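Data first, discussion second: the structure below is written as structure tokens.
The values are calculated or read from the model by the stated rules, or taken from the named source; none is laboratory data. The structure presented is a predicted model; accordingly, all values stated were derived computationally and were not measured. Cβ: placed from backbone, ideal geometry, glycine included. Neighbour counts: every protein chain shown. Protein only, heavy atoms only, side chains kept; ligands, DNA and RNA dropped before computing areas. Shrake-Rupley method; radii C 1.70, N 1.55, O 1.52, S 1.80 Å.
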Amino acid sequence: MRAGEAIRRIVERSDLDDFTERVVDSFWDRPVYQPFRPLREDLRDWVRWNIDLVIRWLVDGQPPTEADVERFRERAQALATDGMPADIVPANFRRGARYAWTALLESAHDDERPALLESADLLFQFIDRVSELFSDTYESGSPAATLSQEERRARDLLARACAGDEPTMDDLQLAERLGFELRNAYLPFVLVAPAWPAQRHLALAGRLRARRLLAVAEGRRVAGLAHRKVAWNELGMDPQAVCAQGPRTRRGDLGDAFEELRTVVDVAVREGRAGEVEVDDHLAELLLRRSPRIAARLRARVFDQLNTYDPELTRTLDSLIEHDFDRGATAAALPVHRNTLTNRLRRIRAITGLDLGHPDGRALVWLAWLERRSSS
């Protein structure tokens, strides 16, 4: 059996969407990556494109085209501009490739495994080529913003606080110089000015430290700790900036708190919101992002099935949810006769198995709608 044929057979009996989620999982929680992570759905789309590219090469013998290579270069340039350290993405690729290769071997039948082994060289050749492209792009691009010694020390102090570690002598000296009292609990915050490059966020972190806050730049984002509510309107920021500040949080729990704040801010930026946002206003989005595979299953159960049967049913369900499940308002908005709407809702129930007249059914379709909206 040819190697390409073995890969093709494995792919045909695999759920590539679930496979993509698991590849993302293989590097998603790396501590060095967390401060720079994009929205998961954006990363998922990027990873799926890479998987499709590798499958095309392994199955059809078509290596990456020049257009594909240029897309990698553009990605590397964008990440460098955002302040992503040069070694993070190649390390993520290697972790993802190791997971993918192990999963392929586990999925292979006995007669496929020998042929599959012939593909190993091509897979890791792909990883080497991508790593080289990222390294070359970083080296040939404009020099990354130089980090001050204070910024480096602030990042180290924040990382230790998130881990719940005791401060070092260097931490104590930095805190004294900033006028920032080290305690057992803080108010964490995250802010983003969407139009600003990484350099301006770096400068903003310095300005916040001058105001006796512990702040660091995370590419095109700033994160930090405060002892009291921050008056964001006094910072002279871009009016399109988005800010979120969490409740008082103990040191060892700060990592989870920052994860929530980054997610909420990213969602707000995607929705075009500005100003201060509250974590409690986005609890449903946080639940979905903490359980990405469940979120994907919800979306598939409702909207993927409806789109397959009849896209008009998707439009009907969208309108029903947007009108708070008020059937009269929904029928008027579509516009259709109420009997037509009733017939469509019966079809939706038959396809999804969810009763829109019951709170459980409404809750699940609303969550699926929220997942679809935030991922589009």
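Would you say ALA295 is in contact with a strand residue (DSSP E or B) (Cβ under 9 Å, 6 or more places away or on another chain) and part of a helix (DSSP H, G or I)?
Answer is no for this residue.
In the range 9-46, which residues are over 24 Å from ASP87 (Cα atoms) and surrounded by 15 or more Cβ atoms within 10 Å (Cβ to Cβ)?
ARG9, ILE10, VAL11, ASP17, PHE19, listed by residue number.
Quick one: SER148 ticks every box in (1) under 29 Å from GLU74 (Cα atoms); (2) in contact with a Lys or Arg (Cβ under 7 Å, 6 or more places away or on another chain) except a single one, so which number is it?
Among (1) under 29 Å from GLU74 (Cα atoms); (2) in contact with a Lys or Arg (Cβ under 7 Å, 6 or more places away or on another chain), SER148 violates only (2).
Looking at (1) of a type in the set (Val, Ile, Thr); (2) surrounded by 13 or more Cβ atoms within 10 Å (Cβ to Cβ); (3) at pLDDT below 85, which one does ILE127 not meet, given that it meets all the others?
(3) is the only condition that ILE127 fails.
What is the residue count in the range 221-245 for residues that are under 23 Å from GLU41 (Cβ atoms), touching a Pro at 6+ places or on another chain (Cβ under 8 Å) and crowded, with 23+ Cβ neighbours inside 10 Å?
3
Of the residues in the range 31-49, how many are assigned to a helix (DSSP H, G or I) and either on the phi > 0 side of the Ramachandran plot or in contact (Cβ under 8 Å) with a residue 24 or more places away in the chain (or both)?
Selection size over the range 31-49: 9.
Among the numbered conditions (1) in contact with a Phe, Trp or Tyr (Cβ under 8 Å, 6 or more places away or on another chain); (2) assigned to a loop (DSSP other than H, G, I, E, B), tell me where PHE134 comes up short.
Exception for PHE134: condition (2).
Being buried (at least 19 other Cβ atoms within 10 Å of the Cβ) and assigned to a loop (DSSP other than H, G, I, E, B) is the filter here; which residues of the range 70-97 pass it?
GLY83, MET84
Quick one: is VAL279 within 27 Å of ARG373 (Cβ to Cβ), aliphatic (A, V, I, L, M), out of contact with any Phe, Trp or Tyr (no Cβ under 9 Å at 6 or more places or on another chain) and surrounded by fewer than 21 Cβ atoms within 10 Å (Cβ to Cβ)?
It is true that VAL279 is within 27 Å of ARG373 (Cβ to Cβ), aliphatic (A, V, I, L, M), out of contact with any Phe, Trp or Tyr (no Cβ under 9 Å at 6 or more places or on another chain) and surrounded by fewer than 21 Cβ atoms within 10 Å (Cβ to Cβ).
With respect to GLU70, is the statement that it is among the acidic types (Asp, Glu) and in contact with a Pro (Cβ under 8 Å, 6 or more places away or on another chain) true?
So GLU70 fails the test.
Looking only at residues in the range 298-332 that are acidic (Asp, Glu) and within 29 Å of the chain's Cα centre (by Cα), which one is nearest to ASP17 (Cα to Cα)?
ASP304
Does the range 333-367 hold any residues that are under 27 Å from the mean Cα position of the chain (by Cα) and either modelled with pLDDT under 95 or open to solvent by 40 Å² or more (accessible area, probe 1.4 Å) (or both), and which are they?
Scanning the range 333-367 gives ARG362, ALA363, LEU364, TRP366, LEU367.
Table: residues versus (1) charged (D, E, K, R); (2) modelled with pLDDT under 90; (3) within 19 Å of ALA120 (Cα to Cα).
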position	(1), (2), (3)
GLU5	yes, yes, yes
ASP15	yes, yes, no
VAL32	no, yes, no
ARG37	yes, yes, no
ARG40	yes, yes, no
ASN50	no, no, yes
ASP60	yes, yes, yes
ALA80	no, yes, no
